[in-house]
Each structure stands twice: as structure tokens, then as C-alpha cells.
Amino acid sequence: MTQQVKAIRIEANGGPEAMKLAMVDLPPPGTDEVTIRQKAVGLNFIDIYFRSGLYKQSLPHGLGCEASGIVEAVGANVRHLKVGDRVAYGQSPLGAYAEARNVPANFVVKLPSAISFEEGAAIMLKGLTAQYLLRQTYRLQGGETILFHAAAGGVGLIACQWAKALGVKVIGTTSSPEKAALAKANGAWEVIDYTRENVAERVLELTGGNKVPVVYDSVGKDTWLTSLDCLQPRGLMVSFGNASGPVDGVSLGILASKGSLYVTRPMLGDHVATQEKMAAAAGELFDMIIAKNIKVHIGQRFPLHEAGKAHAALAGRQTRGATILTLD
Ligand code: NDP
């Protein structure tokens, strides 16, 4: 039977005010879907790109791709989940900002009992991103020193802890002393205030002139050139986000002139494209949390109807760690 549930919708791209709380139809799940009664929703910077229109999707549409909850109904083809399972997902079609929804079952994994619903919603998209960045895009080795921008953010705090557990020294960047302290408390070895200090000079100093083999850069436009200057010859630039705007107009020659550099622009979806890959990456992430190598840091919570305030805080650099939308 079709139910009515509260969900955030946008009719047109725009600022946080473009998001409206509405009652929407929730039909029974399709054959490859599950219906999830959600307990908590994760907020991510990618939600801002879809709201603003930087990433396009035909309108009107919902928002959000990360949440946790309980399986309420199961499609006929779904084998790995059953009604009543505690679950989470971190990569789904838009629509996670809702009390309940249907999700393709391939994106959904069982949540271990040691991990709370809020932690599940905070960790899936960000933690799976840290997993592929540090373990697949460039497989970190103990003893290496790396540069990770926005180290006190949602992905950043997880990445700092994960890298430390691998024996890697993280040089993080943040925009305030308080965020720097948080990144250090979560495993960063050194933190540079990139609003005040010369990042390339500090990286040279901190590495004894060696620079780093890999830079993880989700800030985009503002840090692109600096990041290239921090790399060793033949180093890898991992440009995985656009918090300050997208990197465009790049001439390939710059990679030659700065030392035969490599560059990649990865997306989570390509790393967890099958249920097997999703389960393997999530399993590795959950093991790190259960072993207490990674503590889930939820810096702020907003009720679903205040999703606009949550977006303004995230876009305005006011958040630390993960942000959760709570449901009644
Ligand atoms: P964060 O919590 O990291 O928030 C973004 C942070 O970026 C801010 O807190 C701020 O930290 C920093 N920042 C730098 N410049 C700006 C700016 N001009 N405006 C706003 N913020 C700025 O967000 P998430 O953890 O959700 O995501 C981190 C990044 O990773 C995003 O860019 C996101 O798009 C990307 N991402 C990419 C994925 C992929 O597969 N490609 C998957 C998941 C996330 P500070 O104040 O310290 O500068």
C-alpha cells in the first residue's frame, strides 16, 4: 500500500531556502528495492552540489544519499536483507532526507549491532570515501607522509584516523586553530592553517624537503595549484571535491612542469558499484570502527525540517566532523 511520508524536496536549484518539507508518496518497494524506515540521515557536501545545480538532476527531486534505519519491506528479488534488519547505506539515488524511502538493495548493508543508527548515518558515505581514497585510489603504506585538505571535516576526520592506524603521517589543512586541534586529536600529525600559512612552504619544511607522494584535495579551485606544488616528482594528485568551486581550465602541461605528476578525479560510486564491492568496503570500514581505530565524530545535529540550516552551516565552514539530520 502506498504511504505518505515527510521528505525534503526541491522544485528548482538554489540556496538552502530551495529545500521544502513536503508529504510525498511512498509506494511498496520495487523487486530489487527495500523500504527503510529511517532513524538518522547523513549530511554531505555533495548534497549542496545537487541543491545548487553544480551537479545536475532533473527537477523536482529529493536530496541526500546516506542514512540508516530498519527494513520495513523487501522486494521479491532481494536475498541479503529481511524485514527488521538494522541497515545503512551511503550511496543511493537522491532522496535520503525522508522519514522512510525505497532504496535499491545493492546499496544497503546490515549495520553491526556495535554501531548505532546515528553512527551508521554519519559514517557510510564519508567512511566509504575514506576507504577507497586511502586503500584503493592510492594504497597508503606505513611510514609515508601525506597531505589531506579539510582535515577537520566529515571525510577528513575519518581519513586522519584511518591513515594514522596504517602508520601514515597526515599533514592536514584547516581554516582555524580550533579545527586544527580537532584534526590533531583525531590522528593528524601536523596541521596547517591554509587561510594564513603558505601550504607548499610548510609541507617542504615538515617533510625535510621531500614533499609528499599523494595529496587528497576536496577543496578544489582554491587549493589546486598549491596541492600540485606539494607533490614529489611522479606524485599523485587526488582531486575528489569542489568545496570552493570546481577545478576547470587545466592545461595538461602543468603536470609535466611540476614533475611528471599524475592526477585523478575519483567518485565513490565507481568503487562500490556492486553489492559485493559495497559489502567488502563497508566490512573494512565497520571493522575499523569496531576495533576502535576510528571514532565517529558527530559534530552537529539538525531536525529534518531544518535541513536548510544544516546546509548553510556546512557550506559556511561552520561544521566539524559529520552532521546528522534527526527524525522524530
Ligand atoms: P566537510 O565536512 O569536509 O566540509 C567541507 C569543508 O571544506 C569545510 O568544512 C571547510 O573546512 C572546507 N572548505 C574549504 N574551502 C571551502 C569553501 N570555499 N566553502 C566551504 N568549505 C570549504 O564535507 P564532507 O565531509 O561532506 O565532504 C568533504 C569533501 O569531499 C567535499 O568536497 C565533497 O564533495 C567531497 N567528497 C567527494 C566524494 C567523492 O567520491 N568524490 C565522496 C564524498 C565527499 P575548513 O574550514 O577547515 O577549510
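Kindly provide the set of residues from segment 95-135 that are touching a helix residue (DSSP H, G or I) at 6+ places or on another chain (Cβ under 6 Å) and within 15 Å of the ligand (Cβ to nearest atom), ordered by number.
Y97, K126, G127, L128, T129, A130, Q131, Y132, L134
Could you pull out the residue among L125, L94 that is buried (at least 24 other Cβ atoms within 10 Å of the Cβ) and either modelled with pLDDT of 95 or more or under 18 Å from I298 (Cα atoms) (or both)? Give the derivation first.
On the way: L94 fails: buried (at least 24 other Cβ atoms within 10 Å of the Cβ).
L125 is the lone residue from the list that is buried (at least 24 other Cβ atoms within 10 Å of the Cβ) and either modelled with pLDDT of 95 or more or under 18 Å from I298 (Cα atoms) (or both).
Does G316 count as of a type outside the set (S, T, N, Q), within 14 Å of the ligand (Cβ to nearest atom), surrounded by fewer than 20 Cβ atoms within 10 Å (Cβ to Cβ) and over 26 Å from I115 (Cα atoms)?
Yes, satisfied.
Of all the strands (runs of 3 or more DSSP E) wholly in segment 187-283, which have at least 3 residues that are in contact with a strand residue (DSSP E or B) (Cβ under 7 Å, 6 or more places away or on another chain) and within 15 Å of the ligand (Cβ to nearest atom)?
Once the strands (runs of 3 or more DSSP E) in segment 187-283 are filtered for at least 3 residues that are in contact with a strand residue (DSSP E or B) (Cβ under 7 Å, 6 or more places away or on another chain) and within 15 Å of the ligand (Cβ to nearest atom), what remains is 190-193, 212-217, 231-239.
Evaluate the following for T323: is it touching a residue at least 40 places away in the same chain (Cβ under 8 Å), in a strand (DSSP E or B) and among the hydroxyl-bearing types (S, T, Y)?
Spelling it out, T323 is indeed touching a residue at least 40 places away in the same chain (Cβ under 8 Å), in a strand (DSSP E or B) and among the hydroxyl-bearing types (S, T, Y).
Only residues that are hydrophobic (A, V, I, L, M, F, W, C) and either under 20 Å from A315 (Cα atoms) or in contact (Cβ under 8 Å) with a residue 40 or more places away in the chain (or both): list them for segment 200-235, please.
Residues satisfying the conditions are V203, L206, V212, V214, V215, V219, W224, C230.
Scanning segment 145-159 for residues that are farther than 16 Å from S175 by Cα and touching a Phe, Trp or Tyr at 6+ places or on another chain (Cβ under 9 Å), which turns out surrounded by the fewest Cβ atoms within 10 Å (Cβ to Cβ)?
Applying the filter and picking the extreme gives T145.
The values are calculated or read from the model by the stated rules, or taken from the named source; none is laboratory data. All of these numbers come straight from a predicted model, not from anything done at the bench. Glycine gets a Cβ as well: all are built from the backbone with ideal geometry, and neighbour counts include every protein chain shown.
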